[in-house]
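Structure incoming, see below.
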Amino acid sequence: MIEVRNVSKRYGRVEAVTEVSLDIKAGEFFALLGASGSGKTTLLRMIAGFEPVTAGQIVIDGQRMEEVPPHLRPINMVFQNYAIFPHLNVQDNIAYGLRRLGIAKPKQAEMVNEMLEMIALPGYGSRRAHELSGGQRQRVALARALILKPKVLLLDEPLGALDKQLREQMQLELRLLQQKLGITFVLVTHDQEEALSLSDRVAVMSQGRVVQVDTPSALYDNPGSRLVASFVGNMNFFAGRVGKTGPKGADVTAEGLGLVQVRADAVPDAPFAKVLVALRPEKLHLCLEKPAGDSNVVAGKLLTTAYMGERRLCFVQIEGRAEPVTVSIQNQRRAVSEDLAQGRAVWMTWSNDAIIVLDHQ
Amino acid sequence: MSKLFSSNAANRSLFVYAAIFSVFLYLPVLLIPLFSLNSGIYVKFPLDGLTFDWYLELAQRAPLRTALYNSLQLGAVVALISTALAVPAAKAISRYRLPGIRLIVGFMMLPFVVPALIFGVALLALVNRFDVTLSLVTVAAGQIVICLPYAISTLLPRFDTYDRSIEEASADLGENALWTFWRITVPTIGPGILASLLMSFTISFDEFYMAFFLSGTDATLPIYIWTQLRFPQDFPSLLALATLILIFSFGMVLASLKISGLSQSIKNRGTK
């Protein structure tokens with residue numbers, strides 16, 4: 001549906017987007033995830049046509065977009081601040097794009113009412129923009145775009161201005177809406193949780209480049225780089241060096257963990273290559289008694305814990321590593337804090353398939 | 001009052017200063033309506049008697065009606081054109097980062113500081129040089145230059161506080177630049193446009209120098225008043241006329257200030 005081919009954007013000497021290529025499929029919920037300044041909004045604005053591309057091509061629905069101004073592109077956008085027209089009421093805001101289509105007034109009113117039903121704001125037609133809450137504005141911005149039945153809907157940080165509870169509710173509604181309408185959604189966000197929970201695929205951007213494009217679970221379980229691994233979820237990193245490689249797997253000596261076994265194809269071919277061993281906090285198990293067996297066990301001292309509600313983060317100091325290791329445990333019982341006294345001895349275990357091996361950079 | 005005078009000496013002298021200031025500023029203005037109701041023709045106390053005859057007498061004067069008509073027409077044209085020119089100018093100043101923008105703004109605001117007398121003479125020389133016949137058209141041209149800085153500074157705060165993304169949203173919803181301007185920009189800055197129209201009209205209506213130098217044989221209201229000042233017997237009628245103009249101008253300026261505070265935007269811009 002949207003093909004981005006080697007697109008770059010320069011402002012003077014500053015390169016905001018560098019040689020980005022993406023292929024967004026029809027009906028897909030696609031997220032551009034990145035910190036501020038990563039170029040994700042610039043890329044979205046180039047797709048919308050508000051910024052010309054410096055180099056490369058954008059093709060939407062088979063049509064090249066270089067010469068197509070924003071008002072003629074088959075896409076609509078929900079702006080970050082919603083950009084509700086302040087001088088019009090809700091009804092006129094939603095009907096705004098219908099004038100050009102030459103739709104008769106009664107038909108327009110009918111379409112607007114359908115939209116108001118869809119966004120669960122029936123009877124709000126005569127309200128003014130300043131009489132709406134943040135969530136209501138967001139819905140109006142959605143309705144105003146969707147009434148034109150675009151092939152693609154662009155969303156620029158649409159939930160950023162909402163408080164947490166409303167944000168979660170709107171996330172669910174957005175997902176359901178997209179599934180119902182089957183329209184391609186392209187979402188820009190800096191919130192990794194939002195990107196993971198909403199999208200079919202996520203492109204992680206950093207410093208103007210797309211670092212990895214994958215499904216949320218692939219991004220989480222198989223990050224391709226330290227950058228993606230640390231941006232999506234939490235991660236413990238251990239410097240490591242590849243040792244003996246055999247048919248069953250490769251040995252890697254990891255700082256603080258000792259010898260770990262990983263799949264042979266996960267490590268670089270060069271002998272004694274430097275690698276980075278990564279372990280998610282929830283893939284480590286915390287034991288209060290010394291477990292049986294010697295492999296995949298490391299002893300440590302509990303520094304402190306952080307209570308997060310459904311889980312608890314434990315920070316464990318181990319020998320041979322300056323920073324503490326983060327271990328996440330589920331709070332399945334109530335109040336176990338007396339077991340987790342500061343300074344007590346603990347053991348961490350893990351299974352080999354939880355280990356992610358990354359380039360040492 | 002007693003509270004005011006009981007406070008310390010510095011405050012008291014400030015109060016005296018403010019009182020004298022107000023008297024100098026407003027007493028002569030207040031005398032105009034007062035003497036316009038005097039039945040004698042000389043401006044002196046005590047008043048000879050109360051009369052509305054001078055106001056009635058105004059209605060009999062055909063040249064006055066012509067001058068009034070000229071001034072209204074001129075004011076309308078000047079207001080429309082200077083506002084039409086000021087809208088894109090204000091938008092550009094507020095919106096785009098142009099090289100040398102402060103120089104350009106300074107140039108546009110020049111009529112604020114150049115004495116109108118000098119400016120009128122200069123324009124007259126220019127107009128003669130190119131053999132243009134003096135008429136209300138040349139007056140309008142001169143007055144537009146004078147009105148532009150006022151119109152721009154009235155509109156600027158509107159554009160400064162205006163969220164640009166609503167224009168992008170309009171484009172995104174399928175409207176081209178012209179329709180976006182009509183459906184989004186104009187209604188959003190509407191009060192500013194109205195204020196600019198009122199302000200320019202008022203300035204044109206009161207303006208003397210351009211009208212004096214550039215008008216040829218078509219007198220505007222200020223020119224008419226000036227030519228009538230020679231005849232003492234006409235003076236009370238002029239006072240009556242001045243009273244009407246005073247009320248009218250006051251209302252216009254008040255309305256335009258109310259709509260859009262002629263703000264410090266120019267001052268702000270200088271320090272940016």
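Every read-out reported here was derived from the displayed coordinates using simple, explicitly stated rules and does not represent laboratory data. The structure displayed is predicted, hence computed values, not measured ones. When we count neighbours, we look across all protein chains shown, and the Cβ atoms used for this are built from the backbone with ideal geometry, even at glycine.
Rank these for me by crowding, B:189, B:81, going from fewest to most other beta carbons within 10 Å.
Working: B:189 22, B:81 18.
Starting with the residue having the fewest Cβ neighbours, the order is B:81, B:189.
When N is the residue count of the protein assembly as shown, what does its C-alpha Rg come to as a fraction of 2.2 N^0.38 Å?
1.46
While we're here: If Rh is defined by the Kirkwood formula over all Cα pairs and Rg also comes from Cα, what ratio Rg/Rh do you get for region A:154-200?
0.92
Right, next: P(r) for region B:126-261, please, calculated from all Cα pair distances in 5 Å bins and given in %.
It works out to 2, 9, 14, 13, 14, 13, 11, 10, 6, 4, 2, 1, 1, 0, in whole percents.
I would also like to ask the following. If you average over every viewing direction, what projected area does the convex hull of the Cα atoms of chain A give, in nm²?
So the mean shadow area of the Cα hull is 23.2 nm².
Turning to a different aspect of this structure: With the contact rule set at Cα under 8 Å and sequence spacing of 6 or more, what percent relative contact order holds for region A:150-213?
34
Calculate the tail of P(r) for region B:82-172: the fraction of all Cα-Cα distances greater than 21 Å, expressed in %. Don't jump to the answer; show the numbers that get you there.
Numbers: 1850 of 4095 pairs.
So the pairs more than 21 Å apart make up 45 percent of the total in region B:82-172.
With viscosity set to 1.002 mPa s and temperature to 20 °C, compute the Stokes-Einstein D of region A:94-241, Rh being the Kirkwood radius across alpha carbon pairs; µm²/s, no decimals.
In µm²/s, the coefficient is 122.
Another question, if that's okay. Among residues other than residue A:164 whose Cβ falls under 13 Å from its Cβ, what is the net charge (Lys/Arg +1, Asp/Glu -1)?
In short, -4.
Consider just the alpha-carbon atoms of region B:188-261 and return their Rg together with their Dmax, both in angstrom.
Rg and Dmax of region B:188-261, Cα atoms, are 15.0, 51 Å.
Return the inverse of the average 1/r over all pairs of distinct C-alpha atoms in chain B, which is the Kirkwood hydrodynamic radius, in Å to one decimal. Don't skip to the end; give the middle numbers.
On the way: mean 1/r = 0.0462 Å⁻¹.
About 21.7 Å, per the Kirkwood formula over Cα pairs.
Scan region A:77-124 for chymotrypsin sites (Phe, Trp or Tyr not before Pro) in coil per DSSP, keeping those whose Cβ has at most 13 other Cβ atoms within 10 Å, and list them by number.
Working: sites: A:79, A:82, A:96, A:124; in loops: A:79, A:82, A:124.
When the chymotrypsin sites (Phe, Trp or Tyr not before Pro) of region A:77-124 are filtered for loop state and at most 13 Cβ neighbours within 10 Å, nothing remains.
Picking from B:140, B:76, B:177, which is most flexible by a Gaussian network model of chain B using Cα springs under 10 Å?
Evaluated over chain B, the most mobile residue of the options is B:177.
Counting other beta carbons within 10 Å of each Cβ, put B:132, A:4 in order, fewest first.
Lowest count first: B:132, A:4.
State, as an integer percentage, the relative contact order of region B:1-108 based on alpha-carbon contacts under 8 Å between residues 6 or more apart.
Numbers: 29 pairs, mean separation 10.6, N = 108.
Rounded, it is 10 percent for region B:1-108.
Going by Cα centres, region A:223-300 and region A:108-185 are how many Å apart?
With region A:223-300 and region A:108-185 each reduced to a Cα centre, they are spaced 45 Å.
Give me the angle, in degrees from 0 to 90, between the Cα long axis of helix A:134-146 and the longest principal axis of the Cα atoms of chain A, rounded to the nearest 10.
It works out to around 60 degrees.
Which of B:160, B:172, B:48 moves most in a GNM of chain B, Cα contacts under 10 Å?
B:172
Two decimals is fine: what's Rg over Rh for region A:275-361, C-alpha atoms, Kirkwood radius as Rh?
0.97
OK, next. Pick from A:105, A:149, A:40: which residue has the top mean-square fluctuation in a GNM of chain A where Cα pairs under 10 Å get a spring?
Among A:105, A:149, A:40, the largest GNM mean-square fluctuation belongs to A:105.
Using modelled amide H (1.01 Å from N, peptide plane; none on Pro or chain starts), what sits under 5 Å from the amide H of residue A:211, excluding residues fewer than 5 places away?
It is A:204, A:205, A:206, by chain and number.
Give me, ordered by chain and number, the residues 5 or more places off residue A:77 or on other chains with an amide H under 5 Å from its own placed amide H.
Those qualifying (amide H under 5 Å, at least 5 residues apart or on another chain) are A:154.
Counting only helical runs of four or more DSSP H residues, what would the 222 nm mean residue ellipticity of chain B come to if each run contributes -39,500 (n - 2.57) and the total is spread over all its residues?
-23500 deg cm²/dmol
Moving to a separate point now. Under the Karplus relation 6.51 cos²θ - 1.76 cosθ + 1.60, θ = phi - 60°, what is the ordered set of whole-Hz ³J(HN,Hα) values for region A:342-350, x standing for Gly and Pro?
4, x, 6, 7, 9, 10, 10, 10, 7
Additional query: Residue by residue, what Karplus-based ³J(HN,Hα) values in Hz, rounded to whole numbers, does region A:190-195 have, using 6.51, -1.76 and 1.60 with θ = phi - 60° and x for Gly and Pro?
9, 9, 5, 5, 4, 4
So for region B:1-139, Kirkwood radius off the Cα pairs, Stokes-Einstein at 25 °C and 0.890 mPa s: how many µm² s⁻¹?
115
Sticking with this structure for a sec: Based on DSSP H assignment, which helices of chain B show an axial Cα extent of at least 20 Å together with a mean Kyte-Doolittle hydropathy greater than or equal to 0.0?
Once both thresholds are applied, what remains is B:9-36, B:62-95, B:136-160, B:186-206, B:235-259.
For residue B:52 paired with residue B:178, estimate the spin-label separation in nm (one decimal), with each label point 7 Å from Cα along the Cα-to-Cβ line.
The two pseudo-label positions are separated by 5.2 nm.
Still on this structure, please answer the following. Relative contact order (percent) for chain B, with alpha-carbon contacts under 8 angstrom and 6 or more residues of separation?
30
So for region B:149-205, Kirkwood radius off the Cα pairs, Stokes-Einstein at 10 °C and 1.306 mPa s: how many µm² s⁻¹?
D = 130 µm²/s.
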